[in-house]
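To start, the structure itself, in structure tokens.
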Amino acid sequence: MGTGAFALVLILIVCAIGYELTRQSMLSIEKFGLDFWRTEVWDPVAGEFGALPFIWGTLYSSILALLLATPISLGIAVFISELSPNGLKQPLVFLTELLAAIPSIVYGLWGIFVLVPAVRALETSMPASLRLLPFFSGPPLGVGMGAAALILAIMVIPFTSSVAREVLRSVPAAQREGAYALGATRFEAIRAALFYARTGIIGSVMLGFGRALGETMAVTMVIGNSPRISASLFAPQYTMAAVLANEFTEADTDLYLNALIEIGLVLFAITLIVNSLSRILIWSMARPAKRVAPVAVVAPEESAA
């Protein structure tokens, strides 16, 4: 009973966060309604606020980071758990965990001095015909969606690979031994282990996605901080966490402050939705398929007369 009360604290905390964010953003909710979610204008001077550019930037950068980080993270996890020599395994595990412990601001500084110049050099070296495409258009600044997605991918890799590695370690040895006994190659045995651990691997990927959604400082330092909607990897854009970090202390009117708090509410809601959908996906994959095995009825042989 006592431990159940401790578990209830988590539910109360989530409800309290949602309630307080809603209460503190009521002025913006009452004025803009659902238009706040689908309006592109962000003009504090005119008192017009719309969160769509920030929602776009958050989801776009996080999805790009997930696409970049997932294959690398799974490759690291498979190598450490299945292929790495014993003498190399522990140093790799240590380095992976060390990457997860580096502060976000350090990643941001590294992004400014290393990643942004590299992205700028890549953009300026691209053929002019390729830069005419919407996906590669934009000023050669270096800061923009591409740099943000890369820095997010680097930050997501240690989290996803660490969880995926532990999931693969939990696969029973009998799974691999059974695959080898059936004549499977090493690659096929690893593939069987990945299939067995698919639920946990999906969970590790979604954990990385949740990490990318809420990242603030590193993204703020390299994304360009421009409230626009663009498919370009090189165009400066904005995220919800970045606008809160940049403008919260500058809010000089109640409506401005309420609009920023509502952005926090939107980010909170998107995080809950994404995590709920990922949990539903994991449950659906973990639920064993109901199979009815055929029952063979064998009649006893009649004895020869």
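Given R₀ = 45 Å, what would the calculated FRET efficiency be for Ala128 paired with Phe187, taking r from the Cβ atoms and rounding to 0.05?
Values: r = 43 Å, r/R0 = 0.95.
The formula returns an efficiency of 0.60 here.
So which GluC sites (Glu not before Pro) in segment 1-82 end up in coil per DSSP with only 16 or fewer other C-beta atoms within 10 Å?
Answer in residue order: Glu40.
Please report, in Å, the Rg and the Dmax of segment 1-113, where both are computed over Cα atoms only.
Radius of gyration, then largest Cα-Cα span, for segment 1-113: 22.0, 63 Å.
Report the FRET efficiency, 1/(1 + (r/R0)^6), for Ser137 and Val274, where r is their Cβ-Cβ distance and R0 is 30 Å, rounded to 0.05.
0.55
Quick one: divide the alpha-carbon radius of gyration of segment 80-211 by 2.2 N^0.38 Å and tell me what you get.
Relative to the 2.2 N^0.38 Å estimate, segment 80-211 comes out at 1.40.
Using 7 Å Cα-to-Cβ label points, what is the Ser284/Ala173 separation (nm, one decimal)?
About 3.7 nm separates the two model spin labels.
How charged is the neighbourhood of Gln175? Take every other residue with its Cβ under 14 Å from the Cβ of Gln175, and add Lys/Arg as +1 and Asp/Glu as -1. Could you put the intermediate results ahead of the total?
Values: positive: Arg169, Arg176, Arg186, Arg191, Arg198; negative: Glu82, Glu177, Glu188.
Around Gln175, the charge tally is +2.
Return the FRET efficiency for the residue pair Ile102, Leu67: r is the Cβ-Cβ distance, R0 is 25 Å, and the value is rounded to the nearest 0.05.
Calculated transfer efficiency: 0.65.
Excluding Gln90 itself, what net charge comes from residues whose Cβ is under 15 Å from its Cβ, given Lys and Arg +1 and Asp and Glu -1?
+1
Just to confirm a number: summing +1 for Lys and Arg and -1 for Asp and Glu over residues other than Phe36 whose beta-carbon lies under 12 angstrom from that of Phe36, what do you get?
Neighbourhood net charge equals -3.
Between the DSSP loop rule and a limit of at most 16 other Cβ atoms within 10 Å, which trypsin sites (Lys or Arg not before Pro) in segment 198-292 are left?
Arg228, Lys290, Arg291
I'd like the carbon and sulfur percentage of the solvent accessible area for the chain, probe radius 1.4 Å, heavy atoms only, ligands and nucleic acids excluded.
Within the chain, the accessible surface is 70 percent carbon and sulfur.
What does the helix-only formula give at 222 nm for the chain: each DSSP H stretch with n ≥ 4 adding -39500 (n - 2.57), the total divided by the residues, and the result rounded to the nearest 500 deg cm²/dmol? Don't skip to the answer; put the middle values down first.
Details: 15 runs with 207 residues, N = 305.
That calculation yields -22000 deg cm²/dmol at 222 nm.
Where the centre of each part is set by its Cα atoms, how far does segment 138-190 sit from segment 12-73, in angstrom?
So the separation of the two Cα centres works out to 30 Å.
Mind grabbing the base-10 log of I(q)/I(0) for the chain at q = 0.08, 0.16 Å⁻¹? Debye formula, identical points on the C-alpha positions, no solvent, two decimal places.
With one equal scatterer per Cα and no solvent, log10 I(q)/I(0) is -0.49, -1.31.
The values are calculated or read from the model by the stated rules, or taken from the named source; none is laboratory data. What you are looking at is a predicted structure, and each value in this text was computed from that prediction instead of being measured. Neighbour counts are summed over all protein chains in view; Cβ atoms, including those assigned to glycine, are modelled from backbone coordinates with ideal geometry. Just the protein is used for accessible areas: all its heavy atoms, side chains included, with ligands, DNA and RNA removed. Shrake-Rupley method; radii C 1.70, N 1.55, O 1.52, S 1.80 Å.
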